[in-house]
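Colleague: Sending over a structure as structure tokens; questions will come in a sec.
Every read-out reported here was derived from the displayed coordinates using simple, explicitly stated rules and does not represent laboratory data. Because the structure is predicted, anything quoted here is derived from the model rather than measured. Note that we place each Cβ from the backbone using ideal geometry, even for glycine, and neighbour counts take in every protein chain shown.
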Amino acid sequence: MDLIQTIIIAIVEGLTEFLPVSSTGHMIITQNLLGVQQGDPFVHAFTFIIQFGAILSVVCLYWKHFFQMRNEQEFQDKMQFYWRLIIGVLPAVVIGLAAKKSGLLDWLLDSVLVVAIMLVVGGIFMLFCDRIFNKGSEYNKVTVKRAFIIGCWQCLSVIPGTSRSMATIVGGMQQKLTRKNAAEFSFFLAVPTMAGATLLDLLDMFKEGTSWATSNNIMLLIVGCVIAFVVAMLAMKWFVGFLTKYGFKFFGWYRIVIGAIILILLLTGHSLSMVD
């Protein structure tokens, strides 16, 4: 990977991390379009690590939810908040570790076909999910039970192209949360989920040696994380308002169109790469 490829991929990650269109899927597609070598351990790690850069924007934008404890009541509220996040992330930890240990995750990350299929399938579902689940109430809050069930929905995102954001927001709506509350809990749950995925990838990379830790690769990771952080913060602010007002249909049609174009290209024997 070079600097230009890194900047483009990081912008794509920042724009799509909190949208229900699959940021991992879009990065895989972008990497193929740019001719980035697939199957490279550093490329796999880069895909996860810059997502954590985007996730840090949640902590910055919602820092009061994470850290403000001015009195005993707020301290108790924060402890309950953290407990719900722990419960919510447990299903993804179990499924994610199993997928990684089996080699399934690495195989999925190299498959553009899987991404295209899941973009279309998820897009079709999103055309109807507002009708199915749009019964949320402001009085319904995220309980421990709801957090766990939303966490189970999040496990679907182990398949690139599904979208962690879509899975968790739909899971929240299925649990009778409003779109806004479901989206915000999706943001919060992303923090421990992506922190864990990033840490796991870094540990795996160090176990295989430190030959990857060249000054160039470290610079690319830093640049990617910073750009993803800034772009994600802007995208997140826009997304909450858009989703609350318009729902999922726009994103559903977008997914279907993009996925269908990729499927047609693949099935007709065309390469996605724009680089010879």
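Colleague: Whole-Hz ³J(HN,Hα) for each residue in the range 227-234, computed from phi via Karplus 6.51 cos²θ - 1.76 cosθ + 1.60 with θ = phi - 60°, x for glycine and proline: what do you get?
Modeller: Working through the residues one at a time gives 5, 4, 4, 5, 5, 4, 4, 5 Hz.
Colleague: Kindly provide log₁₀ I(q)/I(0) values, in the same order as q = 0.13 Å⁻¹, from the Debye equation applied to equal alpha-carbon scatterers of the range 42-197.
Modeller: One equal scatterer on each Cα of the range 42-197 leads to -0.64.
Colleague: What number comes out for the charge environment of Cys60, summing +1 per Lys or Arg and -1 per Asp or Glu over other residues with Cβ under 14 Å away?
Modeller: Working: positive: Lys64, Lys237; negative: Glu17.
Counting the neighbours of Cys60, the net charge comes to +1.
Colleague: Another question about this same structure. At a threshold of 8 angstrom on Cα-Cα distance, excluding pairs fewer than six apart, so keeping six or more, what relative contact order does the chain reach in percent?
Modeller: Working: 410 pairs, mean separation 101.6, N = 276.
The normalised contact order for the chain reaches 37 percent.
Colleague: Mind grabbing the base-10 log of I(q)/I(0) for the range 190-276 at q = 0.11, 0.16, 0.19, 0.26 Å⁻¹? Debye formula, identical points on the C-alpha positions, no solvent, two decimal places.
Modeller: Cα-only, vacuum Debye calculation for the range 190-276: -0.62, -1.07, -1.08, -1.14.
Colleague: So what is the calculated 222 nm ellipticity per residue for the chain, using -39500 (n - 2.57) for each DSSP H run with n of 4 or more, over all residues, to the nearest 500 deg cm²/dmol?
Modeller: Values: 12 runs with 213 residues, N = 276.
Rounded to the nearest 500, it is -26000 deg cm²/dmol.
Colleague: Report, in whole Å, the centroid distance computed from the Cα atoms of the range 196-229 and the range 30-76.
Modeller: Cα centres, the range 196-229 to the range 30-76: 13 Å.
Colleague: Sort 247-255, 214-222 by packing, meaning the average of other beta carbons within 10 Å per residue, with the highest value first.
Modeller: On the way: 247-255: 19.6, 214-222: 13.9.
Ranked from most to least packed, the peptides come out as 247-255, 214-222.
Colleague: Scan the chain and report its longest stretch carrying no GluC sites (Glu not before Pro) that are both in a DSSP loop and have at most 10 other Cβ atoms within 10 Å. Walk me through the numbers on the way to the answer.
Modeller: On the way: sites that count: Glu138, Glu208.
For GluC sites (Glu not before Pro) (loop position, at most 10 other Cβ atoms within 10 Å), the longest site-free span of the chain is 1-137.
Colleague: Hey, what angle do you get for helix 179-207 against the long axis of the chain, alpha-carbon based, 0 to 90 degrees rounded to 10?
Modeller: Helix 179-207 and the main axis of the chain meet at about 50 degrees.
Colleague: Further, regarding this structure: Quick one: net charge of Gly196's neighbours, Cβ under 13 Å, K/R +1, D/E -1? Kindly include the intermediate steps, with their values, before the conclusion.
Modeller: On the way: positive: Lys100, Arg164; negative: Asp201, Asp204.
Residues near Gly196 contribute 0 overall.
Colleague: So, one more: Can you tally the lysine pairs in the chain where the Cα-Cα distance is under 12 Å and the two residues are eight or more apart, or on different chains? List each step's numbers first, then the result.
Modeller: Numbers: Lys64/Lys78; Lys135/Lys176; Lys141/Lys176; Lys141/Lys180; Lys180/Lys237; Lys180/Lys245.
For the chain, qualifying lysine pairs total 6.
Colleague: Can you compute the charge dipole magnitude of the chain about its Cα centre, using +1 on each Lys and Arg Cβ and -1 on each Asp and Glu Cβ, nothing else charged? Give it in debye, rounded to the nearest 20.
Modeller: On the way: 20 positive and 16 negative charges, 261 e Å.
Using only the charged Cβ atoms, the result is roughly 1260 debye.
Colleague: Which trypsin sites (Lys or Arg not before Pro) in the range 83-158 sit in a loop by DSSP (not H, G, I, E or B) and have at most 14 other Cβ atoms within 10 Å of their own Cβ? Don't skip to the end; give the middle numbers.
Modeller: Details: sites: Arg84, Lys100, Lys101, Arg131, Lys135, Lys141, Lys145, Arg146; in loops: Lys135, Lys141.
When the trypsin sites (Lys or Arg not before Pro) of the range 83-158 are filtered for loop state and at most 14 Cβ neighbours within 10 Å, Lys135, Lys141 remain.
Colleague: Among Pro192, Gly172, Ile227, whose Cα projects farthest towards the positive end of the dipole of the chain, with charges put on the beta-carbon of Lys, Arg (+1) and Asp, Glu (-1)?
Modeller: Gly172
Colleague: Counting only Cα, what are the radius of gyration and maximum Cα-Cα distance Dmax of the range 1-110, in Å?
Modeller: When restricted to Cα atoms, the range 1-110 yields Rg and Dmax of 17.3, 54 Å.
Colleague: Around Ser23, under 15 Å between beta carbons, what's the net of Lys plus Arg minus Asp minus Glu among the other residues?
Modeller: On the way: positive: Arg164, Arg255; negative: Glu13, Glu17.
Charge balance in the 15 Å sphere: 0.
Colleague: Once each part is reduced to its C-alpha centroid, what is the distance from the range 98-136 to the range 139-159 in angstrom?
Modeller: 16
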